[in-house]
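Okay, so here's the structure we're looking at.
The values are calculated or read from the model by the stated rules, or taken from the named source; none is laboratory data. Since the model is a prediction, treat every value here as computed from it, not as a measurement. Heads up, the Cβs are rebuilt from the backbone with ideal geometry, glycines too, and the neighbour counts pull from every protein chain shown. These accessible areas exclude ligands, DNA and RNA; they are computed on the full protein's heavy atoms, side chains included. Shrake-Rupley method; radii C 1.70, N 1.55, O 1.52, S 1.80 Å.
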Amino acid sequence: MKKRLTQKWIAMICSAAMLALLLAGCGGGGETAGSGSGNGGEKVSISIWHNWTGQDAKAVAMRKIIEDFRAQNPDIEVVDEGLPTDGLKTRLRTVAAADEMPDLFVMWPDAMTKEFVKGDLLQPIDDELNANPDWKNGFIPNALDGYTVDGKIYSVPMNLAPSSFIFYNDTLFKKYNVKVPETWEELEAAIQTFNDNGVIPIALGNKANWVAQSTFFSTVADRITGTDWFLKAVEQNGAKFTDPEFIEALKTFQKLGEINAFQEGFNSLDETQMMQLYFQGNAAMVVNGGWALANLVNNAPPEVLDNTHITIVPAIAGGKGDPATTSGVVGTGLGVSKKLDGGKKEAAMKLFYALAGPDGQKATLDSSTLVSYNIELDKSKAHPLFVELYDLVQGIKIVPVYDSKLGSATVEVVNNGLQELLMGGNPETIARKIQDTQAAVAAN
């Protein structure tokens with residue numbers, strides 16, 4: 001009996017040892033198996049939400065990177081969902097409230113990044129950046145500031161987004177002997193001349209109410225208040241949106257509506273329709289961000305494209321701001337869900353690097369889109385209008401666009417307020433609403 005028990009124990013021990021060896025053989029190489037999936041060769045699925053939905057060169061380039069990534073990484077399933085910018089921002093904040101973020105998602109620097117970090121929805125990418133010092137050190141000065149919270153970096157910019165340029169049709173300016181405006185008075189004179197001749201002075205599509213704020217008002221306000229005042233008002237520390245300089249900025253912008261700078265129904269047209277008015281030669285100018293250039297190059301008819309040039313919002317006499325500036329941000333980045341770990345995180349960061357690393361930055365620049373990365377533009381291969389934009393940007397500074405610094409609740413009040421302002425709303429009342437909202441945001 002004793003002998004049989006001993007043999008039984010020996011058999012069990014041998015079986016256990018063999019099982020351990022088998023497990024070691026299967027799992028011991030798990031970290032290197034699967035070509036980057038980190039999941040022992042099993043297929044990993046990751047999700048990404050983005051706003052690369054159009055046919056502009058930037059969107060096409062980003063979608064191609066995703067498709068190439070799929071082909072090169074058959075062990076990683078990429079489930080991507082594209083949404084227009086407004087829809088993406090709204091949906092992200094909706095899922096953020098429910099703590100149901102996708103694995104990767106396009107997000108904006110400063111206010112949105114801070115909100116998501118505060119909500120414990122993001123994880124930093126310092127380890128990945130430090131493991132790739134050439135990538136980390138390749139960005140232009142201060143490019144990572146908008147994605148840095150409490151000393152940790154949560155993303156990198158995938159483009160450079162100056163948001164306020166005047167694109168103008170030089171043929172119409174010459175036809176009516178209009179000077180390209182360098183002062184606010186010259187802009188008002190140009191508006192008058194174009195109106196007198198039945199030409200829309202400035203095309204505007206403010207149905208998605210961010211357009212007037214982001215592409216025009218942020219720069220106008222900075223010209224008058226200066227950047228330091230705005231940053232103090234954001235923090236509610238030494239400045240308020242009811243201060244005289246901000247009221248003056250609202251009144252200056254409101255006057256554009258009063259002198260018919262824009263076509264009728266500007267609050268009912270979207271950005272696409274706005275650009276169509278310019279493409280059709282019905283408008284002498286359109287104010288838009290640097291991102292509009294790819295649309296121009298790909299969709300404007302030759303008679304408009306070949307005669308389009310770019311300048312900045314003119315100087316405003318008596319203003320406290322630097323006139324050699326334009327509003328903007330370093331560009332959107334990719335947020336990484338706090339919930340990601342293991343093989344899923346490894347796969348997600350591999351896609352992150354493909355989109356936002358040096359190759360992704362080059363693909364973006366090659367798509368006639370500015371970047372926050374140190375890459376020299378090959379002017380011999382770039383479209384002349386993009387070369388013009390690229391050279392213009394080298395000589396100006398970027399100042400904050402309002403929707404990058406203010407809380408989301410305040411941004412909505414500003415955007416709605418500007419729609420109302422251009423239709424004759426009371427500047428003081430609108431300023432009070434903005435101030436009350438931002439004071440509540442800053443107190444939380």
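Things worth noting here:
- Exactly one residue out of 206, 142 is at pLDDT below 95 and either surrounded by fewer than 16 Cβ atoms within 10 Å (Cβ to Cβ) or farther than 29 Å from residue 363 by Cα (or both), and it is 142.
- Among the residues making up the range 238-254, those that are open to solvent by 50 Å² or more (accessible area, probe 1.4 Å) and touching a residue at least 40 places away in the same chain (Cβ under 8 Å) are 240, 251.
- Those residues of the range 271-288 which are over 14 Å from residue 194 (Cα atoms) and assigned to a loop (DSSP other than H, G, I, E, B), in sequence order: 280
- Residue 209 vs. criteria more than 22 Å from the chain's Cα centre (by Cα), polar (S, T, N, Q) and under 28 Å from residue 371 (Cα atoms): no
- Screening the candidates 365, 370, 351, 334 for the property of being assigned by the TED database to the domain that holds residue 72, open to solvent by less than 20 Å² (accessible area, probe 1.4 Å) and assigned to a loop (DSSP other than H, G, I, E, B) yields one hit, 370.
- Taking the criterion of being open to solvent by less than 50 Å² (accessible area, probe 1.4 Å) and out of contact with any Asp or Glu (no Cβ under 6 Å at 6 or more places or on another chain), the residues of the range 219-228 that qualify are 219, 220, 221, 222, 223, 226, 227.
- When 266, 216 are checked against the criterion of being at pLDDT 95 or above, touching a helix residue (DSSP H, G or I) at 6+ places or on another chain (Cβ under 9 Å), within 24 Å of residue 325 (Cβ to Cβ) and open to solvent by less than 50 Å² (accessible area, probe 1.4 Å), 216 stands alone in meeting it.
- Filtered residue count, the range 110-125, keeping only those that are more than 11 Å from residue 155 (Cβ to Cβ), open to solvent by 20 Å² or more (accessible area, probe 1.4 Å) and over 18 Å from the mean Cα position of the chain (by Cα): 3
- Some residue of the range 78-99 being touching a helix residue (DSSP H, G or I) at 6+ places or on another chain (Cβ under 9 Å), over 29 Å from residue 271 (Cβ atoms) and surrounded by fewer than 20 Cβ atoms within 10 Å (Cβ to Cβ): no
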